[in-house]
């Protein structure tokens, strides 16, 4: 390497680094599948003909139905409207929304613009959101059932 460096100095060629720069590959839905299935109480399902994942009984991530306004290699995750607004403003390169999805508490994610670690965080947050939603729905059903029993 020294001879090459000395030769490079004389010829104007710079020394090549021993370090390899590895470019992260673009994430795909298969990466979503691996991460999602590593989480507790998760199963793969089909929603609107597309692959999705449920935590317990609540869907927490899915591949959106192909539409003209949905970018390829995207996923949809549930999230509060407040959190969605924050994410859309802070990371418009990653998060986006279409007119179709605007009325729903969720956001679309461009897999091509996130790292595997970021994807894990996104899916973890969506999993927690789904589980909390599931518990809240269960408590609402219990209260309604108790009210019906008291009336009877």
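All conditions in (1) free of Cβ contacts under 8 Å to residues at least 24 places away in the same chain; (2) under 13 Å from residue 29 (Cβ atoms); (3) surrounded by 12 or more Cβ atoms within 10 Å (Cβ to Cβ) hold for residue 87, with the sole exception of (2). Residue 63 passes every criterion in (1) surrounded by 15 or more Cβ atoms within 10 Å (Cβ to Cβ); (2) out of contact with any helix residue (DSSP H, G or I) (no Cβ under 7 Å at 6 or more places or on another chain) apart from (2). Set side by side, the residues 82, 44 differ, and just one is over 14 Å from residue 130 (Cα atoms), without any contact (Cβ under 8 Å) to a residue 12 or more places away in the chain and assigned to a strand (DSSP E or B), which is 44. The residue list 117, 52 contains one member that is free of Cβ contacts under 8 Å to residues at least 12 places away in the same chain and buried (at least 19 other Cβ atoms within 10 Å of the Cβ), which is 52.
Coordinate-derived values only; no laboratory data. Only a predicted model underlies this, so the values are computations on that prediction, with no experimental measurement involved. Cβ coordinates were reconstructed from backbone atoms using ideal geometry, including for glycine residues, and neighbour counts include every protein chain displayed.
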